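Since the structure comes first, as structure tokens, the remarks are kept for the end.
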Amino acid sequence: MNEILKNDLDTFGNLLQAALQEGLSYLNQLEDIPTSVKPAQAVMKKEVLQGQGGLLALKEFIDRYKALMVASAGPRYWGFVTGGTTPAALMGDMLASCFDQNTQTNKGHGDISALVEFETIQMLLDFFHLPQDFLGGFVTGATMSNFTCLGVARQWVGKQLGYDIAKEGVPTTFHVLAATPHSSSIKALSMLGLGSRQLQRIKTLAPDREAVDVVALEEAIQALNGQPFIVLTSGGTVNTVDFDDLKAIARLKKRYHFWWHIDAAFGGFATLSPDYAPLLAGWEEADSITIDGHKWLNVPYESAFFFVKEKHKLLQVETFQNSNAPYLGDPLENFNYLNFLPENSRRFKALPAWFTLNAYGKEGYREIIERNIRLARQLGAFIQSSDLFELLAPVRLNTVCFTLKQETDPQKIQAFLDILNERGKVFMTPTVFNQRKGIRAALVNWRTTEKDVELVQQEMMQAYEHYSTMSF
Ligand SMILES: Cc1ncc(COP(=O)(O)O)c(C=O)c1O
């Protein structure tokens, strides 16, 4: 064994303690670590001939990069839709790395991590008040979950046409209907070879809404004259958390023959709060559902899961089976995740979710979710009563979409956002809604409290003061 490696083996415990100490020092200072940084022009290393051992590698990383780590796990990182990591989720994640299982099968190959994934999926179905007739698994993010679900949907459409798309390729026309799909679903259509242009946009309920107009959807369905198609719906849009009327779509599903997918990447968590659960009524009728773990479940990146109705198991295997591998046996008899989703080799992805679900349960998460929603509303009320800002959409759940009052110049709105973000106390991301440039704050972190919202309000005022001195 290489001498440096041998030395690391002999001092394994010390190395892990040293890394843990650095991790803890970050977590303990999260409140004060800036939410954004401007990296200085770094000299990038190109090669490492002789290694230096784990301890010196840690030292080099800390010296060069620690000060550039932003507080993305903290309570005021409101850009994109970024969750943090609960203590128990982090415990599970660390152990997933220590155990380093290759999670594939629930029988026959000598490890049981896939059984834990099965158990986690069952717990998640119960957590989301969904029936147990879905088969689920973990992937890296909602993008890959949308990809997985739409991959099976693609196979279903092919079957209706008497065509095995997994084997024969994609027919030239392919019908996908949606009002406001997340960009990742459009990306999934591209990756699946369906082509993003095949997406037929259905109008929304009104120009300032993102939810589908169900009457227009039904008209589009009728115009297809019985051809198979996919309906892609939102269980919370990313901009304004508008929900398609899932109950009405469940009714359409009884009358028409289509594959129904719901992207509920973070909106699915509304089911945990009795006040917001009705937004998801009917979702149990969907063929497939996407939910993210690294958003409101607050497990570390990369984690999401899909639920696909178990009755579509054969289609799922046809889509993802790792064929020509006789040593893996019949994919329907010998369950193996590699035949049900894109990746073949997989880490023990379910473990952080297993830990956090067991640690905090539905009640713990209901508190996080209701607190985030309450705080988003508090920020929304501040904006609504302000002379400087205005809401672009009502605060429907946990996201606040706003802009500068009566300002339409995108450059100016971006300038304000840059000032706000550069101050380093809060991070928000730009958007465009209803043809106006805006700013989004998405609250999904378990640590966020009233104190954070108050501090952000002050930050917004001070950033505005600075902005108002700028000349354009
Ligand atoms: C509704 C929705 N779907 C999909 C995604 C993509 O998620 P990921 O980045 O986990 O792939 C997001 C991300 O914000 C989202 O909000």
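The values are calculated or read from the model by the stated rules, or taken from the named source; none is laboratory data. Keep in mind it's a predicted model, so treat the numbers as computed, not measured. Cβ coordinates were reconstructed from backbone atoms using ideal geometry, including for glycine residues, and neighbour counts include every protein chain displayed. These area figures cover heavy atoms from the full protein model, side chains too; ligands, DNA and RNA do not enter into them. Shrake-Rupley method; radii C 1.70, N 1.55, O 1.52, S 1.80 Å.
Of the residues screened, residue 432 is one that is surrounded by fewer than 16 Cβ atoms within 10 Å (Cβ to Cβ) and either within 22 Å of the chain's Cα centre (by Cα) or hydroxyl-bearing (Ser, Thr, Tyr) (or both). When each of 425, 437 is tested for being charged (D, E, K, R), free of Cβ contacts under 8 Å to residues at least 60 places away in the same chain and crowded, with 17+ Cβ neighbours inside 10 Å, the lone residue that passes is 437.
Taking the conditions exactly as written (open to solvent by less than 10 Å² (accessible area, probe 1.4 Å), within 16 Å of the ligand (Cβ to nearest atom), out of contact with any strand residue (DSSP E or B) (no Cβ under 6 Å at 6 or more places or on another chain) and under 26 Å from residue 182 (Cα atoms)), does residue 79 satisfy them or not? The answer is no for residue 79.
Do we have residue 295 as at pLDDT 95 or above and either over 22 Å from residue 167 (Cα atoms) or within 12 Å of the ligand (Cβ to nearest atom) (or both) here? For residue 295, the condition - at pLDDT 95 or above and either over 22 Å from residue 167 (Cα atoms) or within 12 Å of the ligand (Cβ to nearest atom) (or both) - is met.
Within the range 163-185, restricting attention to residues that are open to solvent by 70 Å² or more (accessible area, probe 1.4 Å) and under 19 Å from residue 226 (Cα atoms), the residue that is farthest from the chain's Cα centre (by Cα) is 163.
The set of residues in the range 129-154 that are surrounded by fewer than 22 Cβ atoms within 10 Å (Cβ to Cβ), away from the ligand (no atom under 12 Å from the Cβ) and more than 15 Å from residue 337 (Cβ to Cβ) comprises 129, 130, 131, 132, 133. Every listed requirement among (1) among the polar types (S, T, N, Q); (2) open to solvent by 40 Å² or more (accessible area, probe 1.4 Å); (3) within 22 Å of the chain's Cα centre (by Cα) is met by residue 198 save one, (3). Flag not set for residue 256, criterion: assigned by TED's automatic domain parsing to the domain that holds residue 342, open to solvent by 30 Å² or more (accessible area, probe 1.4 Å), within 13 Å of the ligand (Cβ to nearest atom) and out of contact with any Pro (no Cβ under 9 Å at 6 or more places or on another chain).
Return the residue satisfying two criteria in turn: it lies in the range 360-392 and is small (Gly, Ala, Ser) and within 22 Å of the chain's Cα centre (by Cα), and of such residues it is surrounded by the most Cβ atoms within 10 Å (Cβ to Cβ). Per the stated criteria, the residue is 376.
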